[in-house]
1. Would you point out the residue of the stretch B:82-102, among those that are at pLDDT 75 or above and within 7 Å of another protein chain (Cβ to nearest Cβ), that is surrounded by the fewest Cβ atoms within 10 Å (Cβ to Cβ)?
2. Look at residue A:284 and say whether it is aliphatic (A, V, I, L, M) and closer than 22 Å to residue A:206 by Cβ.
3. Out of (1) on the phi < 0 side of the Ramachandran plot; (2) at pLDDT 90 or above; (3) not acidic (Asp, Glu), what's the single condition that is false for residue A:186?
4. Does at least one position in the stretch A:267-285 carry a residue that is part of a helix (DSSP H, G or I), on the phi < 0 side of the Ramachandran plot and in contact with a Lys or Arg (Cβ under 8 Å, 6 or more places away or on another chain)?
5. Given the residues A:117, A:92, A:59, which is the only one that is of a type in the set (D, E, K, R), within 17 Å of residue A:157 (Cβ to Cβ) and assigned to a helix (DSSP H, G or I)?
6. Pick from A:256, A:267: which is buried (at least 19 other Cβ atoms within 10 Å of the Cβ), of a type outside the set (Phe, Trp, Tyr) and away from every other protein chain (no Cβ under 13 Å)?
7. On the given criteria, is residue A:25 at pLDDT below 90 and either in a helix (DSSP H, G or I) or closer than 30 Å to residue A:181 by Cα (or both)?
8. Please tell me if residue A:288 is assigned to a helix (DSSP H, G or I), in contact with a Pro (Cβ under 8 Å, 6 or more places away or on another chain) and not assigned by TED's automatic domain parsing to the domain that holds residue A:167.
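The values are calculated or read from the model by the stated rules, or taken from the named source; none is laboratory data. These numbers come from a predicted model, not from an experiment. Note: ideal-geometry Cβ built from the backbone for every residue, glycine included; neighbour counts use all protein chains shown.
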Amino acid sequence: MKISRVFAPMLLFIALSAGSTSGQLQAERQTKLGENAALRYWSAFAEMQDAAITSQQARELNLILDGTAPYKDLKYKGLVEKNKPALETMIRGTMLPDCDWGVDYQLGQDAPVEYVRKALTLGRLNVLYVFHRGINGDKDGAVRSLVAGLRFSRDVANGGTLFATVVAANLVASHLRAAEFVLHVSGLSTAQRLALQRAVASLGPNGLDWQGAVKRELGLYRGTDHGLSTQGLAALAQITPLYVSAMSDPSVLPRLQGMIANAPPDLRNILPNPQRVVETKQSLENHLAEVRGLLQ
Amino acid sequence: MRRWGLGRIPVQMHADDERFEVYLKQFRPRQPEPLPNERRTRVTRPAFALGACATTAAVAVIAIALMMRHGPKLNHSADGAEHGYVEPATISQPLTIYKANALLAHAPSLKAAMDLMAFHPQSAQWPKNQQSVLFVLSKEKN
C-alpha cells in the first residue's frame with residue numbers, strides 16, 4: 001500500500017515529463033519546418049507576375065544581366081514593380097537560417113528540380129530590382145535587395161546537384177555585377193558598405209559548396225537502378241574522389257580527364273566536363289575577390 | 001351624368017363575387033425564378049466539358065508525340081566529346097535531375113545549359129512578336 005503511494009506520484013511525474021518533452025520536440029520540429037526558407041521561396045515563385053516583351057527587349061534584358069548594357073528604368077520599372085510582392089517575399093525568406101529544398105533523391109534522376117529554373121528567374125528579377133532601386137536613389141533598398149539576393153543565390157545551391165550550383169553561381173555573379181553598379185553609380189554609406197561586405201564575406205572564398213554538389217551529383221549513379229554498366233560503376237568509383245578533389249585542386253584535372261576519356265561510354269556520356277565546372281568555379285572566385293576589394 | 005370613374009363600370013356584386021374577391025386577395029407576388037436559359041446551360045455544360053477534355057487530351061497526345069520525335073537530341077562523337085544539341089529545343093516541365101544533368105553534360109557551355117533550360121509556359125497567350133519576360137529571364141542568353 002505504502003509502496004503504491006510512493007510510486008504512483010513518481011510514475012505520474014515521469015509520464016507528464018515525457019509528455020511535455022515530446023510536446024516540446026514536436027513544437028520545435030514544427031517551428032523548424034516553418035523556418036525553412038525554401039517554403040517562402042516557393043511562395044515567392046507563385047507570386048511572380050509575367051509580362052510580354054519584344055525580342056529586342058529580351059536581347060537588351062540579357063545584355064543588362066550580363067553587365068554589357070545599361071539598365072533603363074523607364075522600360076523595366078513596370079515589370080519590377082509588378083513583381084515587388086514576389087521579391088519582398090523572397091527577401092523575407094532570406095532572413096531564415098535554413099533552406100532545405102527537399103529534393104527527393106529517392107527518385108534518383110527523376111527527382112524534380114523545377115525550383116532551380118524558377119529560382120533563376122526570380123533571382124534575375126531581383127537583380128533588376130537592385131538596379132531600379134539604385135537608379136531611383138533608394139540606396140538602402142538597393143543594398144537590402146543585394147544582400148538578400150546573394151543569400152538567395154547561395155540558398156539555391158543548398159543540398160542540390162551540380163546543376164543547381166551552376167545556376168546559383170550565375171545568380172551570384174549577376175548580383176556581384178549589380179553591386180559593382182551600385183558602388184559605382186550611387187556610392188554607399190559606411191553602414192551600407194558594411195552590410196554588403198558581410199553579405200559577400202558570408203559566401204566564403206569559394207562562393208558555393210562545389211565539392212558537396214559534385215558528391216551529390218555523382219552519388220546519384222551509384223545505385224544499380226541508374227542504368228550504368230558494371231564497368232561504368234567501377235570506373236565511377238575511381239573517378240568520383242578525383243572529381244571531388246578537382247574542385248579544390250585543379251592540378252588533378254588532366255588525370256581526371258584522362259580517366260573520363262577512358263571510361264565506358266555509358267559513364268562518359270553522363271559526366272559533366274570537369275574543366276568547365278572548374279572554370280565556372282574559378283571565375284566566381286575571381287569575381288568575389290574583385291568585389292571584396294572594391295568594398296574595402 | 002357619369003357616376004363612375006374612368007375605366008370602371010359599376011357592376012352589382014353578388015355574395016359569391018365578394019367571396020371570390022377575398023379569395024383572390026390571399027395571393028401575394030412571388031420572387032421570379034431564374035430564366036430557363038440558365039438551366040439549359042447547365043445541362044449542356046458537361047457535354048461541352050467532355051468535348052473540351054477530349055480535344056485537350058488529343059492535342060496533348062499529339063504534342064507529346066511530336067516532342068518525342070523532335071525533342072532535344074544529343075550528338076556524341078566516338079570519343080565522348082560534346083557536339084552540343086542538334087536542336088535548341090527547350091526542356092519540358094518538370095525539370096528533373098536527369099534532364100538537368102543531360103544539359104550539363106552535353107550543352108556547348110554551362111551558360112548554354114541554362115539557355116536550354118528555359119521553358120515558356122504560356123506561349124499562346126502573348127501577341128505576335130512578343131514573349132514572356134519570365135521565359136527570357138529563365139534563359140542565359142536569347
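1. B:94
2. Considered against the rule, which asks whether it is aliphatic (A, V, I, L, M) and closer than 22 Å to residue A:206 by Cβ, residue A:284 comes out as yes.
3. With (1) on the phi < 0 side of the Ramachandran plot; (2) at pLDDT 90 or above; (3) not acidic (Asp, Glu) applied to residue A:186, the lone miss is (2).
4. No, the stretch A:267-285 contains no residue that is part of a helix (DSSP H, G or I), on the phi < 0 side of the Ramachandran plot and in contact with a Lys or Arg (Cβ under 8 Å, 6 or more places away or on another chain).
5. Matching residue, one of A:117, A:92, A:59: A:117.
6. Sole residue among the options that is buried (at least 19 other Cβ atoms within 10 Å of the Cβ), of a type outside the set (Phe, Trp, Tyr) and away from every other protein chain (no Cβ under 13 Å): A:256.
7. Yes.
8. Spelling it out, residue A:288 is indeed assigned to a helix (DSSP H, G or I), in contact with a Pro (Cβ under 8 Å, 6 or more places away or on another chain) and not assigned by TED's automatic domain parsing to the domain that holds residue A:167.
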